[in-house]
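The values are calculated or read from the model by the stated rules, or taken from the named source; none is laboratory data. Just so it is clear, the structure is predicted and the values come from calculations on it, not from any experiment. Note that we place each Cβ from the backbone using ideal geometry, even for glycine, and neighbour counts take in every protein chain shown. These area figures cover heavy atoms from the full protein model, side chains too; ligands, DNA and RNA do not enter into them. Shrake-Rupley method; radii C 1.70, N 1.55, O 1.52, S 1.80 Å.
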Amino acid sequence: MTAPPAVELRDVSKSFPGTLALDRVTMTVAAGEVHALLGENGAGKSTLIKVVSGAHPADSGTVTIGGTLLARP
């Protein structure tokens, strides 16, 4: 049996008044993998991490950590 991904995002979107911070982000990170988030100021890097950590709820899409689905929007 294959282990579930450590982190999996499917079509995650997040907006703030006047700003679409994340637009249908899909990403899978397997256990043991290392990824870097790069981009200009305002690209959504911090917002993505805050959605994955649960600090901000996603407006749409799903976030799964270790096979456990976080609360749906």
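Contact list please: Cβ distance under 6 Å, first residue in region 13-30 and over 18 Å from Asn41 (Cα atoms) and charged (D, E, K, R), second residue open to solvent by less than 50 Å² (accessible area, probe 1.4 Å) and part of a strand (DSSP E or B), pairs at least six apart or on different chains.
From region 13-30, the pairs are Arg24/Ser13.
Which is more than 9 Å from the chain's Cα centre (by Cα), on the phi > 0 side of the Ramachandran plot and surrounded by 10 or more Cβ atoms within 10 Å (Cβ to Cβ), of Gly54, Gly32?
Result: Gly54 is the single residue among Gly54, Gly32 that is more than 9 Å from the chain's Cα centre (by Cα), on the phi > 0 side of the Ramachandran plot and surrounded by 10 or more Cβ atoms within 10 Å (Cβ to Cβ).
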